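Some notes on the structure that comes next.
Just so it is clear, none of the values below were taken in a lab; they were calculated from the coordinates. What you are looking at is a predicted structure, and each value in this text was computed from that prediction instead of being measured. Note: ideal-geometry Cβ built from the backbone for every residue, glycine included; neighbour counts use all protein chains shown.
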Amino acid sequence: MSIPQPNRKPPFNITRAGHTVITVTDLAACRDFYSEVIGLLVSDEDADTVYLRGLEEIGHHSLVLKRTDGPHQCERVGARVFDEEDLEKAHHYFTSKDLPAEWVERPYQTRTLHVTDPMGMPLELCASMDKRSRNHVNTHLHKGAAALRFDHFQFLVPDVMKASTFYTDLGFRISDYFTTGGPQDHILGSFMYRKSNPHDFVFMTRPGPVMHHFAFIVAESHCLFRACDTAGSLGLSAQVDRGPSRHGQGHQLYVYFRDPAGHRVEVLPPPIQLIDIDEEPVCWAGAARFTWDLPPAKRWIYEGTPFAGVDIGDAVVEQKLLSLEEHLAKQSDDP
Ligand SMILES: [Fe+2]
């Protein structure tokens, strides 16, 4: 099966996944969750909005919580571009493709461009933000997972090939991809990156588009357990969604939480680095190898955060994943 090839001279330069804007009904509960369990710092807040960042980040925010009386949604997927000129080029690119593109003003960000990709996902592009102090050495401020920096998004989309093609055209590279294998080989998922690790945007085949999770990097494996212990001590153990455990693909330690609004956030230690331009994508066909973690619960497989005003479509290729529920039922059926 052929996969899209990266465009080494993209029309504009996205440098990395940068931040997300999500809506929550209980702003105080979510602020406390992200401060105490994930360990983010509050950069600014008012009655309706909380801006948070990781301990290592000097950019003003990597997570924006907005109070809502409506459903919990993802308003924007934030990404950084190299400079202001790239924003102009991005505006031209999206309008030339008849895709929505609108200049907006956003607090603490330089000139900001709102665009919508062909899957319907609302992106927010900016080149810079206001600066705050870096606090990785100020260990007296470290709480819970002591999250250092924003790392990646995972999205569920109906057509992974379509998403992969659009973003390789924008210069993203594929680090890893999943296929069905066999004679009718189809792509099931792709890990796409702009910075030098395996993921900025991850796309997996399911009904969508929805944001499955966003992720922060932590210093070491101990941080995952400290986050879980903190959740337990605060009476938030129900927010632990999956793990701590280790993925087969990538061999990455992880733990996923659901915040009090139901948005899923992952914390993980630093992944491998992909530094050279001649790195080739790794294909994971059929069953995952190297894995010892339990299968995910059905809620992890299928549930995510919808995008505001975006319809959800069926997946063009179905991936049959063994759920934790099915795994346990099979174990109890075995003699
Ligand atoms: Fe992830």
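Quick notes on this structure:
- Cα centroid separation, segment 235-311 to segment 51-101 (Å): 22 Å
- Using the Cβ of Gly235 as centre and a radius below 14 Å, the other residues enclosed give a net charge of -3, where K and R count +1 and D and E count -1.
- Near the amide H of Gly313, within less than 5 Å, lie the amide hydrogens of Gly208, all on another chain or at least 5 residues away, with H placed in the peptide plane.
- Cα Rg, Dmax, the chain, angstrom units: 19.3, 66
- For Gly78, the residues whose modelled amide H falls within less than 5 Å of its own, excluding neighbours fewer than 5 places apart on the same chain, are Gly18, His19, Thr20, Val21, Glu124.
- Assuming charge only on the beta carbon of Lys and Arg (+1) and of Asp and Glu (-1), the dipole of segment 113-233 about its Cα centre is about 440 debye to the nearest 20.
- Restricting attention to the chain, lysine pairs at least eight places apart or on different chains and with alpha-carbon atoms under 26 angstrom apart total 20.
- Using the Cβ-Cβ distance between Asp46 and Val137 with R0 set to 30 Å, the FRET efficiency works out to roughly 0.55.
- Model label points for Glu280 and Trp103, set 7 angstrom from Cα along the Cα-to-Cβ axis, are 4.6 nm apart.
- Take every DSSP beta bridge whose two residues both sit in the chain; close to 70 percent of them are antiparallel.
- Across segment 260-270, computed HN-Hα scalar couplings (Karplus, 6.51 cos²θ - 1.76 cosθ + 1.60, θ = phi - 60°) run x, 8, x, 5, 9, 10, 10, 10, 8, x, x Hz from first to last residue, x flagging Gly and Pro.
- Between Lys330 and Asp185, the modelled labels are 2.5 nm apart [label points 7 Å from Cα along Cα→Cβ].
- Here the Karplus relation 6.51 cos²θ - 1.76 cosθ + 1.60, evaluated at θ = phi - 60°, turns the backbone of segment 198-203 into coupling constants of x, 8, 10, 10, 10, 10 Hz, with x for every Gly and Pro.
- Placing +1 on the Cβ of every Lys and Arg and -1 on the Cβ of every Asp and Glu, with no other charges, gives the chain a dipole of roughly 440 debye about its Cα centre.
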